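Visitor: The structure that follows is given in the form of structure tokens.
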């Protein structure tokens, strides 16, 4: 087991390097650089473009240097915790992302917990009572959930909230808490505001998880080892929970891998619609304005999150399934 | 029905007029139809029948384990709780047929009073729980033991079923065990609460003969030690001869013969029982048809000559997967196959039989050695290093019939597509010619022409194997490799398929490589035999000589494990295990 974990960790180092290189290549790929789009923006606004200032900007960020040395500057800065400066915000990238990141993590985690808490029991019920009234009911709800785009649900809920309840459902904090210090009251306010985004972002995931759980479990329910468990005298509830459900859960461990990158980019549209102060809208903005270091930081984080997610899911899989561990 | 043949004294379980039905769209189907049987402590009742005869459904009915849409429609299953040897005669009887499948009462009986073992020890054990956790469960449930005390009991039980190193084995997973060890673990699980009745549903069918022999001995010992009643389900009369005290023969849901093992073997009443006994006896003699045929049509010149074949498989281990491990699957194999000859390859699972077959067919690459094939024109060529394109003509001449007739036919292709595919690949492009040839082939393998447009699911196992054979002989090959082609079939069907193969050999002058784990079949069907053990050919020669005067210890061990054919022979055979690394 330890050898397995070590091996996975060792392999992640070259992957991380490759990912960072790729991230940098991608942000360099579009023609032009930030200074050019900045100049274009100034011109469009009808303002004077100061060549001297532009050149000093280029020098400062090393935009004229060869590709590899720019990469080296960037990656060695990151190793020291310096992600560079956002051109647009004129702030260090790490400061910009920091606060929003915490909220993103909170949002993603609560969405995940919500999804699992709802989807797993319903999936099990749908499989065990296949073709029952409940199975059909949840299947229909599930398909509707799958088919409805998230932003539509968000708009509908916003409308309902404002028109019928007179509350503003956007944002993650009420106005009085936005800049307040963390306190119990602020936390409760956050929880209150979380409910709607979590439901919106979680619906489609819940719906698909129900289908996956149902299908996985149906494959396992009629395996001989389930009969063996019944023949031992276990109750039906315990039989199903201890054996087929346990094995049907294995594929879920693999889904952990793509939960991690979703922290950053999983709910962009919804976050924009509901003006949530998470990292998603910031990333969209950075990509649109070619804010190179900010965008680079996001792309790198996405890759790192994917790699971490993969390692975590591999380790979890190995823990719950001995067949993988002993390979 | 024929209950008078059983000693009615003190049965512990009485099945009376049991009917278990399956409700399907096409109506009600009686899987178990008016069956009455008794189980007596300290005795083994063997329930014999083909697949689909209802024997498994019967065994599951006892514990209310029949999956939907099956249900018990009528009849009684009386479990007598106290042994009536105490003169008071205060036995409490419980009718299991009346219980709810999920009721606490039946759950208390499952595993505590009646234990059960299943056919597939791999799929019947959970792959992600340790052996220990799966066995301990019953003790915690039925005897309320704590984990610590239960663990000691489980280790003791594992020792009783002769699992080596039980202290370590208890924390291992099923996939770390061999097939035989898994079945021992399964037996330990069924017997951990000392049940009075054991139901064993084909527990040795998936095992090698040598392992089967050991498991049968173990069950017999445990029966005596615990004064247990065993209901043993099997389709193999040899197994019945080994262990049964009583025999019940089932067919189409009904018990057609029921009696003392001696009576059934000496004076079978029903024709079906007679046929079963005959096919069991066949495994003791070479096929008379084959011997007669060799008189008329003697074995010809060498067609395939292998010398010093070697096949290795590689795996990767170590911290970064850099260390290479090598498994020698076939080591230094040399043999010759002649025209019109049947060459048997026997050995246990993992001995390299199938790998050897794939090597001579050149589906696998060969690491070392030479392979000469002499084609129809008499040209002898080295084929061991040819590439796929160069092998095309050879592949047309060598075809395979696989073990599992359910898995080896594409369920989405009709019979004419299945057979026609290999004709098309071999250049028969005219649909009219193909159809004509397919009909000819169907006739050869004894299938009606109406089979043409039907799909594999419409056929029984035996018929499917006929389709496989038709597919194999379609391009007019010279060598057929039959890889356990009859192992998945019922005994009566097996004989028919072997006769068909024999007939085809006569008509088409085929050479067979017949892979089997069953020495009896090889003796019946093959002219010569190769005995394989862990990749090595340890003995080869005339099949009759090898079966009667084996020279290698492993062959002797294999022969000693082949079931006897009559209960009179019990104890006449000295069993021994071949131990060699």
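The values are calculated or read from the model by the stated rules, or taken from the named source; none is laboratory data. In this text the structure is predicted, and so the values were computed from the model without any measurement. Cβ placement follows ideal geometry from the backbone for every residue including glycine, while neighbour counts extend to all protein chains displayed.
Visitor: Check segment A:246-253 and report whether any residue there is surrounded by fewer than 24 Cβ atoms within 10 Å (Cβ to Cβ) and under 29 Å from residue B:114 (Cβ atoms).
Guide: yes
Visitor: Can you work out which of the residues in segment A:204-214 that are at pLDDT 85 or above and crowded, with 21+ Cβ neighbours inside 10 Å is farthest from residue A:259 (Cα to Cα)?
Guide: A:214
Visitor: Looking only at segment A:286-327, filter to residues that are free of Cβ contacts under 8 Å to residues at least 24 places away in the same chain and more than 14 Å from chain B (Cβ to nearest Cβ); which one of those is surrounded by the fewest Cβ atoms within 10 Å (Cβ to Cβ)?
Guide: Only one residue tops the list, namely A:288.
Visitor: Right, another one. So residue A:69 passes all but one of these: (1) more than 24 Å from the chain's Cα centre (by Cα); (2) closer than 30 Å to residue A:204 by Cα. Which condition number does it fail?
Guide: The number of the failed condition is (2).
Visitor: Next question, about the same structure. Are there any pairs, at least 6 apart or on different chains, whose C-beta atoms fall under 9 Å, with the first in segment B:52-67 and away from every other protein chain (no Cβ under 12 Å) and the second in a helix (DSSP H, G or I), and if so, which?
Guide: Taking only residues 6 or more apart or on different chains, the pairs are B:61/B:96; B:61/B:97.
Yes or no, residue by residue, for (1) in contact with a helix residue (DSSP H, G or I) (Cβ under 6 Å, 6 or more places away or on another chain); (2) within 14 Å of chain A (Cβ to nearest Cβ); (3) farther than 24 Å from residue B:66 by Cβ; (4) assigned to a helix (DSSP H, G or I):
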residue	(1), (2), (3), (4)
B:168	no, no, yes, yes
B:187	no, yes, no, yes
B:190	no, yes, no, yes
B:210	yes, no, yes, yes
B:213	yes, no, yes, yes
B:221	no, no, yes, yes
B:232	no, no, no, no
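Visitor: Now for a different question. Residues of segment B:170-185 being part of a helix (DSSP H, G or I) and either within 14 Å of chain A (Cβ to nearest Cβ) or surrounded by 23 or more Cβ atoms within 10 Å (Cβ to Cβ) (or both), which ones?
Guide: First, the residues of segment B:170-185 that are part of a helix (DSSP H, G or I): B:174-176, B:179-185.
Hits for segment B:170-185 are B:174, B:175, B:176, B:182, B:183, B:184, B:185.
Visitor: Applying the selection to segment A:242-266, what residues are in a helix (DSSP H, G or I) and farther than 30 Å from residue A:281 by Cα?
Guide: So in segment A:242-266, the residues in a helix (DSSP H, G or I) come out as A:242, A:244-248, A:250-265.
Within segment A:242-266, A:242, A:244, A:245, A:246, A:247, A:248, A:250, A:251 qualify.
Visitor: What about residue A:217, is it crowded, with 21+ Cβ neighbours inside 10 Å, more than 8 Å from chain B (Cβ to nearest Cβ), at pLDDT 90 or above and assigned to a helix (DSSP H, G or I)? Walk me through it before giving the result.
Guide: Values: crowded, with 21+ Cβ neighbours inside 10 Å: yes; more than 8 Å from chain B (Cβ to nearest Cβ): yes; at pLDDT 90 or above: yes; assigned to a helix (DSSP H, G or I): yes.
Here the answer is yes, as residue A:217 does meet what is asked.
Visitor: Can you tell me which residue among B:415, B:432, B:445, B:401 is assigned by TED's automatic domain parsing to the domain that holds residue B:339 and either touching a strand residue (DSSP E or B) at 6+ places or on another chain (Cβ under 8 Å) or closer than 26 Å to residue B:356 by Cα (or both)?
Guide: On inspection, the qualifying residue turns out to be B:401.
Visitor: In addition: Could you tell me whether segment B:13-36 includes any residue that is under 18 Å from residue B:203 (Cα atoms), more than 14 Å from chain A (Cβ to nearest Cβ) and either in contact with a strand residue (DSSP E or B) (Cβ under 7 Å, 6 or more places away or on another chain) or surrounded by fewer than 19 Cβ atoms within 10 Å (Cβ to Cβ) (or both)?
Guide: no
Visitor: Tell me the residue from A:228, A:239 that is in contact with a strand residue (DSSP E or B) (Cβ under 9 Å, 6 or more places away or on another chain), within 14 Å of chain B (Cβ to nearest Cβ), assigned to a helix (DSSP H, G or I) and more than 30 Å from residue A:35 (Cβ to Cβ), please.
Guide: Step by step, each of A:228, A:239 is checked, and only A:228 is in contact with a strand residue (DSSP E or B) (Cβ under 9 Å, 6 or more places away or on another chain), within 14 Å of chain B (Cβ to nearest Cβ), assigned to a helix (DSSP H, G or I) and more than 30 Å from residue A:35 (Cβ to Cβ).
Visitor: Out of A:40, A:10, I need the residue that is within 14 Å of chain B (Cβ to nearest Cβ), exposed (fewer than 15 other Cβ atoms within 10 Å of the Cβ) and either touching a residue at least 60 places away in the same chain (Cβ under 8 Å) or in a helix (DSSP H, G or I) (or both). Which one?
Guide: Working: A:40 fails: within 14 Å of chain B (Cβ to nearest Cβ).
Just a single option satisfies the conditions, and that option is A:10.
Visitor: Let me spell it out: the conditions are (1) surrounded by 16 or more Cβ atoms within 10 Å (Cβ to Cβ); (2) within 28 Å of residue B:528 (Cα to Cα), and residue B:246 meets all of them except one. Which number is the exception?
Guide: Only one criterion is unmet by residue B:246, namely (2).
Visitor: Please verify whether residue A:160 is surrounded by 12 or more Cβ atoms within 10 Å (Cβ to Cβ) and either outside any loop (DSSP other than H, G, I, E, B) or at pLDDT 85 or above (or both), treating the condition exactly as stated. Even if it seems obvious, please write down each step before you answer.
Guide: Working: surrounded by 12 or more Cβ atoms within 10 Å (Cβ to Cβ): yes; either outside any loop (DSSP other than H, G, I, E, B) or at pLDDT 85 or above (or both): yes.
Against the criterion (surrounded by 12 or more Cβ atoms within 10 Å (Cβ to Cβ) and either outside any loop (DSSP other than H, G, I, E, B) or at pLDDT 85 or above (or both)), residue A:160 qualifies.
Visitor: Still on this structure: Return a yes/no flag: does segment B:326-340 have any residue that is loosely packed, with under 15 Cβ neighbours inside 10 Å, closer than 30 Å to residue A:12 by Cα, at pLDDT below 85 and within 14 Å of chain A (Cβ to nearest Cβ). Lay out the reasoning, then the answer.
Guide: Here is the first cut: in segment B:326-340, the residues loosely packed, with under 15 Cβ neighbours inside 10 Å are B:326-327, B:332, B:334.
In the following step, the residues that additionally are closer than 30 Å to residue A:12 by Cα were identified as B:326.
Okay, now just the ones that are also at pLDDT below 85, so B:326.
Now narrow it down to the ones that are within 14 Å of chain A (Cβ to nearest Cβ): none.
No, every residue in segment B:326-340 fails to be loosely packed, with under 15 Cβ neighbours inside 10 Å, closer than 30 Å to residue A:12 by Cα, at pLDDT below 85 and within 14 Å of chain A (Cβ to nearest Cβ).
Visitor: Can residue B:577 be described as in contact (Cβ under 8 Å) with a residue 40 or more places away in the chain, within 16 Å of residue B:212 (Cα to Cα) and touching a helix residue (DSSP H, G or I) at 6+ places or on another chain (Cβ under 8 Å)?
Guide: So residue B:577 passes the test.
Listed here are the residues, each with its yes/no results for (1) in contact with a helix residue (DSSP H, G or I) (Cβ under 7 Å, 6 or more places away or on another chain); (2) closer than 19 Å to residue B:135 by Cα; (3) modelled with pLDDT under 90.
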site: A:240; (1), (2), (3): yes, yes, no
site: A:255; (1), (2), (3): no, no, yes
site: A:258; (1), (2), (3): yes, no, yes
site: A:271; (1), (2), (3): yes, no, yes
site: A:278; (1), (2), (3): yes, no, yes
site: A:283; (1), (2), (3): yes, no, yes
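Visitor: Evaluate the following for residue B:145: is it free of Cβ contacts under 8 Å to residues at least 24 places away in the same chain, under 17 Å from residue B:15 (Cα atoms) and either part of a loop (DSSP other than H, G, I, E, B) or more than 10 Å from every other protein chain (Cβ to nearest Cβ) (or both)?
Guide: It is false that residue B:145 is free of Cβ contacts under 8 Å to residues at least 24 places away in the same chain, under 17 Å from residue B:15 (Cα atoms) and either part of a loop (DSSP other than H, G, I, E, B) or more than 10 Å from every other protein chain (Cβ to nearest Cβ) (or both).
Visitor: When the residues of segment B:106-140 are filtered to those that are more than 8 Å from chain A (Cβ to nearest Cβ), over 19 Å from residue B:167 (Cβ atoms) and crowded, with 24+ Cβ neighbours inside 10 Å, which remaining residue is nearest to the chain's Cα centre (by Cα)?
Guide: Restricting to residues being more than 8 Å from chain A (Cβ to nearest Cβ), over 19 Å from residue B:167 (Cβ atoms) and crowded, with 24+ Cβ neighbours inside 10 Å, the top hit is B:121.
Visitor: May I pose another question? Among the residues of segment B:93-103, are any under 15 Å from residue A:231 (Cα atoms), at pLDDT below 90 and facing another protein chain (nearest Cβ under 8 Å)?
Guide: Checked against the condition, which is being under 15 Å from residue A:231 (Cα atoms), at pLDDT below 90 and facing another protein chain (nearest Cβ under 8 Å), segment B:93-103 yields at least one hit.
Visitor: Now for a different question. Looking at (1) under 16 Å from residue B:311 (Cβ atoms); (2) assigned to a strand (DSSP E or B); (3) under 22 Å from the mean Cα position of the chain (by Cα), find the lone condition where residue B:335 falls short.
Guide: (3)
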